[in-house]
Amino acid sequence: MQPPTLTPHVLDNSQLMSNTIVTPAHYRELLKNAQDTLWAKFQTGASVRLLVEAHSEAVDRVLTHAWQSFDLHLETELALLAVGGYGRAELHIASDIDVLILHTYGNLPDALKDSISRFIALLWDLGLDVGSSVRSLSECVESVSNDITIATNVLEMRTLCGQDDLRQTLLALVRPLWTDAAFFEAKRDEQIARHAKHHNTEYNLEPDLKNAPGGLRDIQTIFWVAKRHFETTNLYDLVTHGFLTEFEYKQLVESETFLWKIRFALHHIAKRNENRLLFDHQRTLAVLLGYSDNSASRAVEQVMKDYYRVAMTVSMLNEMLLQYFDEAILRADEKAIIIPISDDFQLRDNYIEVTHHQVFARNPSALLEIFSILAESPDILGVRASTIRLIMVEARKINAAFRHNPQNRAYFMEILRAPHALFSTLRQMKRYGVLGQYLPAFGAIIGQMQYDLFHIYTVDAHTLLVIKNMRRFRYDESREKFPVVTDVAQQLPKPELLYLAGLFHDIGKGRGGDHSELGAVDAIEFCLAHGLSTRSANIVAWLTRNHLIMSMTAQKQDLADPDVIHRFAQHVGDIIHLDYLYALTVADICATNPKLWNSWRASLLRQLYQQTRRALRRGLNNPIDYDELIAETRITAMETLLSDGFSEEAVCSIWDKLGDDYFLRESAHDIVWHTSAILNHGNNSAPLVAIHKSLGNQFQGATQIFVYTQDLPNLFAASVATLDQQHLTVLDARIITATSHFSLDTYIVLDEDNTPITDNDRLDMIRESLVNALSHPEQFPTIVQKRLPRALKHFSVKTEVNISNDIAKQQTSLEVITLDRPGLLARIGLIFMEHGVTLQSARIATLGERAEDVFFISDRQGQPIANPELCQQLAATLRQQLDTVN
């Protein structure tokens, strides 16, 4: 398969005759017409390769004509060269136009310098994004010797105007400046640094299709190294040299073509040289490329899935070829160190390889055996390139018979039970095509994205990161960040059950229906087929089915309520299930979005885990006695307050005005803090605002703000509006109204960067703003008007409001699911105030672009909201106002 020869034209020869005087306006019109023609052809399905070269040719002709209009073509010691992507004749609609004006003068004559300046100014006047340099041969030589980027650009020069001898002379002069080995190492280091800027993953939510791993630069790096060392003129020459097979060449060309189509359309949409697949453009791009929504997925998810799969293919081929180049360029003269492993495998310079090319064909089980060896041997650097190629070819032959082979099933379980490198082994199995073929349900989720800000990785990447986190818990180094879950994970009797739950917990996504239930069905079938006991298989299936319940309970329910803990303990059933679920939940959250995991969320899960463990040890038939709990809390708090010098009479004067609910919902530590603050405040008529930056066990990892003031209808709305003005995120709110008509309000907050507030000046500012606002709550603080963040503008979350009554607790539960935005909680507080609703407590959860908040409310008499018309009106107002996004 030879590369195509392209000879496109989008400018009529009569439009730019050499003797024709053309104005800048005429040039601009010609270029615009050319681009319009190219875009029209793109929309009718024309080859993007033809279009990219056609655009280059159109720009060539404009630049050549302009060059001649300044009589620069008459200079024999001067040449106009195209470099970079323009040098490769790869111009997309808004690509940079990089040119080098090369000359042999020591100092350019003033007249010539003036003509060149006017030529470059004209190019800018035409609206071209020009990157220009004017250098002599000697200046070029000096620049190339010091800069790998310039050395690369020189490889791709082509002459537009002037004598081509200048270009050839420059090539001859710079060739000795970089050895092949130095050039290769510099390009490899450049790629490593570039990948690091994109978090070393192909799976960013808004990927850079040019510079990220698996992007166009990875293809270009292959070509640059090959061109330098082998003097190739195109990628197909790598087939001739034996580095690529015909199939791999086809994969590479198809991948590049797909990326070019996206880039061509992206430039048109953005009207600039934009290479990032921003949320702003993803949906429009999907439609332009012919994708459409279906019952299983949205168009945008389909185009991004195709992008991620292409990026993985490019990344894998890049890895393989650079390893080949390493052997051919850096180690060509070195004698390999070979260490036998078995009849089928050996180490060559610490990379595992097959002993002969028929290993997998004769013994298909070796496709899993090689990864079992890798998982058992952490010192092996990786798989040799020639063996990677064989694996990718043979992996496509994995079928039902292979999957049912007892030996293969045993190898797979060996990998999961291996002591080392589980994440990297599974990652390699995925990259080389084995994991998706052996487990087809996993193959279906490779590259599958979810169009939201909550899940920042594709499903397959997230799944492997979950397993990576699980493995981290097995090492003591994780104890500092994950103290409790590390201890729990290290005590699990069968850690492979945890890894299997991680592998299957999201595997049902993208099929329609409940992914947890679908995954549980797959999990139990897989586990039983792979020799696990019925009990072990049921544990994996239960974890898969219930992998969201712990995080949802911690984030949305009141963990100070013994009934919540008891119901959760009943659902879990025993400590074994609880331990596995806790480890799975923490690993899952940390792998979903790094911004989700903070010290506050960690403390919630830890609190739920520890309280549930105590409930299970106490026995499900022996629930906690409320009176006993209240009495224990009061006694503990009173002992501390008495030791601090407060009298029992003074303490009781405060406590007697509070109901039992206060002593159920607050810890003894916080009751001591609240009571001492109130007593020390005395008869001061100003609102009491106390801030705890070093919290007790109940609210570790966040800042607690305690407010004690006269109860007023707009107190909550005024408080959260003020906190919003201070750029604080409210995580939890608890409102207690005393019989003296004073309100005891607790707000758990984090700063904008998801950290507790520790700066004393900042704490004083927050305290002062609250005191001022609550001294005059009738002057409702203005809800801060902030611009909606760019990423949120591209998501539509239709507001849902669910209202239900809990007669036993004398409160109404109201859940709001809506688009997160600045000032949201303050806006909801204002709506509550306008409808005569009193807030008792709130649980705030932000999941990407979605806010999922639960409010426990009552009427102003402290009773559940029994009036159905009021409930309907409240829900309607919330939906109407929250769906009007500023």
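Some values worked out for this structure:
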read-out: Using distinct alpha-carbon pairs, which all enter the 1/r mean, Kirkwood radius of the range 584-671 in Å; value: 15.8 Å
read-out: Taking the convex hull of Cα positions in the range 44-105, its mean projected area over all directions (nm²); value: 4.8 nm²
read-out: Span-rule helices in the chain, defined as complete DSSP H runs reaching 27 Å or more along the axis (Cα) with Kyte mean at least -1.0; value: 24-43, 48-69, 246-270, 299-325
read-out: Options SER478, TYR626, VAL521, ranked by Cα towards positive dipole end of the chain, top entry (Cβ charges); value: VAL521
read-out: Proximal lysines relative to LYS481, as straight alpha-carbon distance under 28 Å, when same-chain residues fewer than 8 apart are discounted; value: LYS197, LYS468, LYS494, LYS556, LYS595, LYS693
read-out: Cα centroid of the range 32-97 to Cα centroid of the range 367-405, whole Å; value: 46 Å
read-out: Protein-only accessible surface order, largest first, of ASP165, ASP129, ASP98 at 1.4 Å; value: ASP165, ASP129, ASP98
read-out: Inter-part distance where the range 639-660 and the range 484-499 are each reduced to a Cα centre, Å; value: 44 Å
read-out: Cα-based convex hull, the range 452-591, per residue volume (Å³, whole number); value: 124 Å³
read-out: Estimated translational D of the chain in µm²/s (Stokes, Kirkwood radius over Cα pairs; 20 °C; 1.002 mPa s); value: 67 µm²/s
read-out: Whole-number percent relative contact order across the range 130-285, with pairs defined as alpha carbons under 8 Å at least 6 apart; value: 18 percent
read-out: Ranking by accessible area, most exposed first, for LEU620, LEU825 with a 1.4 Å probe; value: LEU620, LEU825
read-out: Solvent accessible area, Å² - TRP124, 1.4 Å probe, full protein context; value: 130 Å²
read-out: Alpha carbon centroid spacing (whole Å) that separates the range 149-224 from the range 561-625; value: 52 Å
read-out: Average Cα contact separation per residue, the chain, under 8 Å, 6 or more apart, as relative contact order %; value: 6 percent
read-out: Filter on LYS509/LYS798; LYS187/LYS261; LYS41/LYS305; LYS32/LYS187; LYS227/LYS271 - keep pairs with C-alpha separation over 29 Å; value: LYS32/LYS187; LYS227/LYS271
read-out: THR739 accessible area, 1.4 Å probe, all protein chains in place, Å² to nearest 10; value: 100 Å²
read-out: Carbon plus sulfur fraction of accessible area for the chain, probe 1.4 Å, in percent; value: 49 percent
read-out: Antiparallel DSSP beta bridges within the chain, percent to nearest 5; value: 90 percent
read-out: VAL144 accessible area, 1.4 Å probe, all protein chains in place, Å² to nearest 10; value: 0 Å²
read-out: Dipole magnitude of the range 26-122, debye to nearest 20 (Cβ charges: Lys/Arg +1, Asp/Glu -1, about Cα centre); value: 320 debye
read-out: Heavy-atom surface of the range 414-528, accessible at 1.4 Å and reported per residue (Å²); value: 35 Å²
read-out: Directionally averaged shadow of the range 15-173, computed from the convex hull of its alpha-carbon atoms, nm²; value: 9.4 nm²
read-out: Convex hull per residue volume in Å³, alpha carbons only, for the range 290-364; value: 160 Å³
read-out: Dipole of the range 701-764 [Lys/Arg +1, Asp/Glu -1 at C-beta], most positive-end residue of SER740, ILE705, ASN754; value: SER740
read-out: Listed residues LEU277, VAL354, GLN323: farthest to the positive end of the dipole of the chain (Cβ charges); value: VAL354
read-out: The chain - charge dipole about Cα centre, Lys and Arg +1 at Cβ, Asp and Glu -1, debye rounded to 20; value: 1680 debye
read-out: The chain, helix-only ellipticity at 222 nm - DSSP H runs n ≥ 4, -39,500 (n - 2.57), divided by all residues, nearest 500; value: -16500 deg cm²/dmol
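The values are calculated or read from the model by the stated rules, or taken from the named source; none is laboratory data. Computed from a prediction, not measured in an experiment: that's the story for all the values here. All Cβ positions, even for glycine, are placed from backbone atoms using ideal geometry, and neighbour counts span all protein chains on display. The protein model used for the area step is the full one, side chains on, heavy atoms only, and it has no ligands, DNA or RNA in it. Shrake-Rupley method; radii C 1.70, N 1.55, O 1.52, S 1.80 Å.
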